[in-house]
Amino acid sequence: MGDKVLVVGGGGREHALVLALYQSDGVGKVYAAPGNAGTASFAENVDIGDGDIPALRDFASKKSIDLTVVGPEAPLVAGIVDEFQAAGLPVFGPTAAAAQVEGSKVFAKELMLDAGVPTADAYPCETLDDAKRCIAEMGAPVVVKADGLAAGKGVTIAVTEEEAVAAAGAALEEGKFGDSGKRVLIEDYLTGEEASILAVTDGENVVSMIPSQDHKRVYDGDEGPNTGGMGAYAPAPVVDDETLRKIENQVLKPTIKALADAGATYSGALYAGLMFDFEGPKVLEFNCRFGDPETQVVLPLLKSDFYELCAKTAAGNLRDTELEWNRRAAVTVVTVSGGYPGEYKKGFPISGLDALVDDPDIIVYHAGTKLDGDKVVTAGGRVLGVTAIGGDIAKAVKKAYTAVRKIDYKDIYYRKDIAYKALARNDEGDV
Ligand code: AMP
Ligand code: GLY
């Protein structure tokens, strides 16, 4: 029969989690709540929102779910894991206390500074006067971050002090982010290249995954406003093996130990967003979950059984776990609705998906889609993540764009330069 697994969430990351679990040996049945048109191919979608914790708990209990894997941060920060654990239900993810590494940027910063984890200097401020003083002291450019969850919109990179003061005012006085903006962090601006490390931990042992790189800005060349992520690739050559060991020893392990020492033992996926400059890696942010769209390039290259990894994590049993990786490369190009991350229209039929299902090196992850009768239509800003696997990044990029060009819907938009930083390194011959 196999085990029953529930995936909470309904974006591209959750499609990738559903597929990896579906392909795992021990899994017999996958449910997705709420899922999307893509997860429906491998999982039974359940009509429960990812914020309805009591309904999710009751569903898991009624169906005797063997493991629930939580995708997004909001239910984790709201305590879904505490709720499941209290009901004796096995669950993959951190408790609310541990999820504060993402739920409060002030908490995360204090934890890092106390544990000696390399990160930008930053000061928490609760009043605009305080923020103005900090901004004047630090000078522009400077980064203003809302303390709490803000759906990826809480960070302002201010080029001038006026811009920084305006961002702090919007959060502290105008309530732009609600309670999430009652405190802000005024942070030193870092330069360099970014990368993401996804890791799993049981609170004591850490297993890191291959490095990846996201593309947050909407336009080519990293121009324009921030988005939820326009594409990703793995492995990211900015992080070599030696640097990855350094990140494990200087960032992941001390952070996990500091959380355990503070009585908030961390279990689940821990995401470190890092900036690499001449001094080495510095943490920009922690997330209490897998990255989106990083998961869509990392999991397709994982050879080890993903369900076994999640189950061992949830059971506190990760000692001596080593992951096996396919030595190829993966690239995801995200297609969005025209206008995103601003206003956009939904409900347009998507064509070209059938032409891609038989290619073993292509996976089309759904993010904002839904079924309208038997048609798949657009239903969000980020619509699809087209992942291609190739012998190297350049080959994967080529395959991904060949596949993307077969897909169409009204006002489709995607970046044309995903993985350009990795390709530039190859051109320079320094990889
Ligand atoms: P966060 O949500 O904290 O990752 O911030 C979103 C994005 O803002 C990051 O991926 C970076 O591109 C940028 N960012 C955050 N903190 C800094 C910083 N201290 N210096 C420069 N860029 C930053
Ligand atoms: N890709 C950025 C994130 O998952 O937060």
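What follows draws every value from the coordinates through simple rules; no lab data is involved. These numbers come from a predicted model, not from an experiment. Glycine gets a Cβ as well: all are built from the backbone with ideal geometry, and neighbour counts include every protein chain shown.
Some observations on this one:
- Linear extension gain, ASP179 paired with LYS395, 0.36 nm per residue minus alpha-carbon span: 73.2 nm
- Unit Cα scatterers, Debye sum, region 186-318: log10 I(q)/I(0) for q = 0.10, 0.18 Å⁻¹: -0.33, -1.04
- Rounded D (µm²/s) - region 1-78, Kirkwood Rh over Cα pairs, Stokes-Einstein at 10 °C, 1.306 mPa s: 132
- Compared with the rule-of-thumb size 2.2 N^0.38 Å for a compact globular protein, region 82-129 has a Cα radius of gyration ratio of 1.56.
- Highest mobility in the GNM of the chain, judged by mean-square fluctuation with C-alpha springs under 10 Å and restricted to VAL155, VAL298, VAL251, is found for VAL155.
- One Cα centroid belongs to region 248-270, the other to region 372-405; the line between them spans 35 Å.
- Per residue, the Cα convex hull of region 329-431 amounts to 88 Å³.
- Across region 50-139, the mean sequence separation of Cα contacts (distance under 8 Å, 6 or more residues apart), normalised by length, yields a relative contact order of 20 percent.
- Computed extension gain for GLU204 through ASP25, at 0.36 nm per residue and net of the alpha carbon distance, reaches 61.8 nm.
- Normalised by the number of residues in region 79-208, the average gap of Cα pairs under 8 Å and 6 or more apart makes the relative contact order 23 percent.
- Note on ARG133 and SER304: the extension gain reaches 56.4 nm, defined as 0.36 nm multiplied by sequence separation minus the Cα-Cα distance.
- Cα-projected label distance for GLU126 with ILE157, points at 7 Å along beta-carbon direction, nm: 3.1
- Gaussian network model of the chain, springs between alpha carbon atoms under 10 Å - residue of ARG245, ARG13, ARG289 with greatest fluctuation: ARG245
- Rounded to the nearest 20 debye, the dipole magnitude of the chain is 1060 debye, with +1 charges on Lys and Arg beta carbons, -1 on Asp and Glu beta carbons, and the Cα centre as origin.
- Spatially, region 124-154 and region 407-423 are offset by 33 Å when compared through their Cα centroids.
- Placing a label point 7 Å from the Cα of GLU324 along the Cα-to-Cβ direction, the residues of region 286-302 whose backbone N falls under 20 Å from that point are 298-302.
- Sorted by Cβ density within 10 Å, fewest first, the residues ASP320, ASP214: ASP320, ASP214
- In this structure, the residue pairs whose Cα-Cα separation is over 19 Å, taken from LYS216/LYS399; LYS345/LYS398; LYS345/LYS410; LYS4/LYS303; LYS153/LYS370, are LYS216/LYS399; LYS345/LYS398; LYS4/LYS303; LYS153/LYS370.
- Gaussian network model of the chain, springs between alpha carbon atoms under 10 Å - residue of ALA269, ALA122, ALA55 with greatest fluctuation: ALA55
- Paramagnetic label reach from ARG425 (point 7 Å along Cα→Cβ; backbone nitrogen cut-off under 16 Å): within region 210-241, residues 210-215, 232-241.
- Proximal aspartates and glutamates to LYS105, defined as alpha-carbon separation beneath 15 angstrom and excluding residues fewer than eight positions away on the same chain: GLU73, ASP114, ASP121, GLU126, ASP147, ASP179, GLU187, ASP188, GLU285
- On the principal axes of its alpha carbon atoms, region 93-245 extends 44, 38, 26 Å, with the longest extent given first.
- Relative contact order of the chain, pairs being alpha-carbon contacts under 8 Å that are 6 or more residues apart, as %: 16
- For a label point 7 Å along the Cα-to-beta-carbon line of LYS416, residues of region 362-405 with backbone N under 19 Å: 386, 394-405
- Pairwise FRET efficiency - GLU193 versus LYS375, Cβ, R0 = 41 Å, nearest 0.05: 0.50
- Considering only the chain, percent of DSSP beta bridges that pair antiparallel, nearest 5: 80
- Percent breakdown of C-alpha pair distances by 10 Å bin, ordered from the shortest bin, for the chain: 5, 22, 32, 28, 11, 1, 0
- Here is how the number arises for the chain: DSSP H runs of 4 or more residues each give -39500 (n - 2.57), the sum is divided by the residue count, and the result at 222 nm is -8000 deg cm²/dmol.
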